[in-house]
Amino acid sequence: MVDDPQLAAYRQVGIGVAPIELGRAPAVVVVDMQRHFTEGVLASPRTETVLAATAQLLERAREAGVPVFHLRVVYRSPAEVGVAWRQKCPSMSECLAGSRPAEIHPLVAPLAGETVIDKRRASGFFETELDQVLKAAAVDTVVVVGTSTSGCVRATAVDGAALDYRVIVVEDCVDDRAEASHAAALTDVQAKYGEVLSLDQLARELSRTRTQPDQRGD
């Protein structure tokens, strides 16, 4: 859980009061762990550590039988980049289909059979099939990891909550180029949209999930 004095002030006025627990049917959603964001100038000092932690999380999730879904920003042409990103983040146009920047980093690459969903905007749910495939798999909890904490991770977490999923963000497995933005986004999620857990906390929850005989019962 995030250690932020602001959360105590929130709780005094009835915000962020109760925790959100892992449901019976969780899935991991990996947000934009692509070379464009994890290599070169867009990487942060924490990126290598976050990648290693995320690889560890994916291993534990797979061992527990928890499905993994991968999101990536991919464009067929630079013209598909939205107005905001064209103006604010023009390098997004480098994430073209088949290009090296668009590739998912090999440390967290999808395994055979895992779903990869392309997106064009911040939220993994916006104009994609993510909600449909999660519902088809009877998922009730999205464990969100990836980059950036204050951007696409937060947007995906907020939309996941709006669609009535339980939302868990793993603090050790999300990355941001600005520490202040990273911390503020995690505080925001913890207060209003989901639960922020450490990798160790999530691993304990996944171990309990693994021992349950029926994850997707009626």
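The values are calculated or read from the model by the stated rules, or taken from the named source; none is laboratory data. On a predicted model such as this, the values are computed, not experimentally measured, just so you know. Reconstructed Cβ throughout: ideal geometry from the backbone, glycine too, with neighbour counts over all protein chains shown.
The set of residues from the stretch 118-170 being on the phi > 0 side of the Ramachandran plot and crowded, with 24+ Cβ neighbours inside 10 Å comprises just one member, GLY146. Within the stretch 171-180, restricting attention to residues that are within 20 Å of GLN34 (Cα to Cα) and not acidic (Asp, Glu), the residue that is surrounded by the fewest Cβ atoms within 10 Å (Cβ to Cβ) is ALA178. Can you find a residue that is under 27 Å from GLU127 (Cα atoms) and touching a Lys or Arg at 6+ places or on another chain (Cβ under 7 Å) anywhere in the stretch 60-71? Yes.
A quick yes/no check of all residues on (1) outside any strand (DSSP E or B); (2) under 20 Å from PRO5 (Cβ atoms):
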site	(1), (2)
SER150	yes, yes
ARG154	yes, no
ALA161	yes, no
ILE168	no, no
GLU171	no, yes
SER181	yes, yes
LEU186	yes, yes
GLN190	yes, yes
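Restricted to the stretch 19-72, and to residues there that are of a type in the set (S, T, N, Q) and surrounded by 14 or more Cβ atoms within 10 Å (Cβ to Cβ), the residue that is nearest to the chain's Cα centre (by Cα) is THR54.
Residue-by-condition table, conditions (1) over 30 Å from ALA79 (Cβ atoms); (2) small (Gly, Ala, Ser); (3) assigned to a helix (DSSP H, G or I):
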| position | (1), (2), (3) |
| --- | --- |
| VAL133 | no, no, yes |
| ASP164 | yes, no, no |
| ALA203 | yes, yes, yes |
| LEU206 | yes, no, yes |
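Of all residues in the stretch 176-201, those that are under 22 Å from GLY14 (Cβ atoms) and small (Gly, Ala, Ser) have Cβ atoms under 6 Å from Cβ atoms of residues that are modelled with pLDDT under 95 and in a loop (DSSP other than H, G, I, E, B), 6 or more apart or on another chain, in ALA191/ILE15; ALA191/GLY16; GLY194/ILE20. Only one of the listed residues (GLU195, GLU171) is of a type in the set (D, E, K, R), closer than 15 Å to VAL31 by Cβ and touching a strand residue (DSSP E or B) at 6+ places or on another chain (Cβ under 7 Å). That residue is GLU171.
Can you find a residue in the stretch 73-84 that is in contact with a His (Cβ under 9 Å, 6 or more places away or on another chain), charged (D, E, K, R), farther than 19 Å from ILE168 by Cβ and exposed (fewer than 13 other Cβ atoms within 10 Å of the Cβ)? No, the stretch 73-84 contains no residue that is in contact with a His (Cβ under 9 Å, 6 or more places away or on another chain), charged (D, E, K, R), farther than 19 Å from ILE168 by Cβ and exposed (fewer than 13 other Cβ atoms within 10 Å of the Cβ).
Among the conditions (1) surrounded by fewer than 18 Cβ atoms within 10 Å (Cβ to Cβ); (2) closer than 26 Å to LEU130 by Cβ; (3) over 17 Å from the mean Cα position of the chain (by Cα), GLY16 misses just one, which is (1). Remark: pairs (first residue in the stretch 66-95, touching a residue at least 40 places away in the same chain (Cβ under 8 Å) and of a type in the set (Ser, Thr, Tyr); second residue part of a loop (DSSP other than H, G, I, E, B) and crowded, with 21+ Cβ neighbours inside 10 Å; Cβ separation under 7 Å; 6+ apart in sequence or on different chains) = TYR75/VAL81; TYR75/CYS95. Listed here are the helices (runs of 4 or more DSSP H) enclosed by the stretch 1-115 that have at least 2 residues being modelled with pLDDT of 95 or more and under 23 Å from VAL144 (Cα atoms): 35-38, 47-63.
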